[in-house]
1. For region 14-151, treating each Cα as an identical point scatterer without solvent, what Debye log10 I(q)/I(0) comes out at q = 0.11 1/Å?
2. Which whole-Hz couplings ³J(HN,Hα) result when phi for each residue of region 243-259 is put into the Karplus expression 6.51 cos²θ - 1.76 cosθ + 1.60, θ = phi - 60°, listed in order with x for Gly and Pro?
3. Reachable aspartates and glutamates from residue 159, Cα under 17 Å, same-chain residues fewer than 8 places away excluded?
4. Please give the length that would be gained between residue 282 and residue 203 if that part of the chain were fully extended, namely 0.36 nm times their separation in residues minus their C-alpha to C-alpha distance (nm, one decimal).
5. Over the chain, with the other protein chains present, what is the accessible area per residue in square angstrom, probe 1.4 angstrom?
6. Given the DSSP H assignment, sum -39500 (n - 2.57) over each helix run of at least 4 residues in the chain and divide by its residue total; what's the result at 222 nm in deg cm²/dmol, nearest 500?
7. At 1.4 Å probe size, with the rest of the protein present, what percent of the exposed accessible area of region 1-134 is carbon and sulfur atoms?
8. What is the extension gain from residue 237 to residue 115, computed as 0.36 nm multiplied by their sequence separation minus the C-alpha to C-alpha distance, in nm to one decimal?
Amino acid sequence: MKHALITGITGQDGSYLTELLLEKGYKVYGVVRRKSKLDFGTVEHLKKDIEFIYADMIDMASLILAVKIAQPDEVYNLAAQSFVASSWEQPLATSEINAIGVTNLLEAIRVVKPEARFYQASTSEMFGLVQETPQTEATPFYPRSPYGVAKLYGHWITKNYRESYQMYACSGILFNHESPRRGMEFVTHKITDAVARIKYGLQDTLYLGNMDSKRDWGYAGDYVKAMWLMLQQEEADDYVIASGETHPVREFVELAFRHAGFELDWTGEGVAEKGLERATGKVLVAVDPRFFRPSEVELLHGNPAKAYQVLGWERAVGFEELVRMMVEVDLVRVGRKATGNGVDA
């Protein structure tokens, strides 16, 4: 039986990856930080199948102990301060976790079990002010946030450990990947949650920043399969994982409202609902300058050709299906609250 150690196991990707590995017969160990109240997050339904280890990315001694306990064949580093906007408010903490934390984990593996295979969760945000479109593994990086800069360090230190110590260490340069398990602070879930709340009369207007930013969106459940495939290859390498398509935030918003039964008409800075509500002058979506970043990333568009050819990876869920999936789950969740049949909204 193979052993896998996952940091960031309670997040979106951690839960989908855990499900995949359990299906493949792995024993899964998950790194969690000690809190006054343990929160299993998105792996609440899997907690009986996971062996949790208390550790912290900025405490190498705890990571060394975690590797000793797990004796992993594969290590997946999904831990991060993963919210780009927050990285401007907490640049030092972001750097400690997303940059130095990667080095701590690599060192722990090198000292305890250097033959373990290592996956680093890199990000399309490293491309930032894009130098070419679409972006490939050879595209120069130009990060535009403390998050992107810290992730770039993590990416390059992974490559350095691979080349310097002959460790099996690879990075997945994943473009935006979403799901109903996405944290509420991310724009996609903010949108679908607001659509459901507006549908049930719990919210009037959705406020967003730059709706013209374009992103390459995919489904997280598809993308964790690429993570696993990277660690099954004869040689370690880095791969862009993306849909190969790009869509503006505005299109995501429109699809989300349409899936909830709204017929939309873009007017000025907002969206007015046609039909009965239009007569009231109701604005469903409006721009709020507070949600603009100090440095905007206007366009991300990945080329996953290498992953298709080398890994044999392919995605199953398209953009419209992803939006529909997220909206339907939020409509059910918020609907239960609105009708008094649930407590979570």
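1. Per q value, in the given order, log10 I(q)/I(0) is -0.46.
2. Values, residue by residue: 8, x, 10, 9, 9, x, 4, 4, 5, 4, 4, 4, 4, 4, 5, 5, 5 Hz.
3. Qualifying aspartates and glutamates at Cα under 17 Å: 74, 107, 115, 137, 234, 235, 237, 238.
4. On the way: separation 79, 0.36 × 79 = 28.44 nm, distance 1.18 nm.
Contour length minus the Cα-Cα distance gives 27.3 nm.
5. Values: 15160 Å² over 345 residues.
About 44 Å² of surface per residue is accessible.
6. Numbers: 10 runs with 121 residues, N = 345.
After summing the helix terms and dividing by residue count, I get -11000 deg cm²/dmol.
7. Values: 3020 of 5860 Å².
Carbon with sulfur: 52 percent of the solvent-accessible area.
8. Numbers: separation 122, 0.36 × 122 = 43.92 nm, distance 1.56 nm.
Length gained, residue 237 through residue 115: 42.4 nm.
The values are calculated or read from the model by the stated rules, or taken from the named source; none is laboratory data. Only a predicted model underlies this, so the values are computations on that prediction, with no experimental measurement involved. When we count neighbours, we look across all protein chains shown, and the Cβ atoms used for this are built from the backbone with ideal geometry, even at glycine. Calculation scope for accessible area: heavy atoms of the full protein, side chains included, ligands and nucleic acids excluded. Shrake-Rupley method; radii C 1.70, N 1.55, O 1.52, S 1.80 Å.
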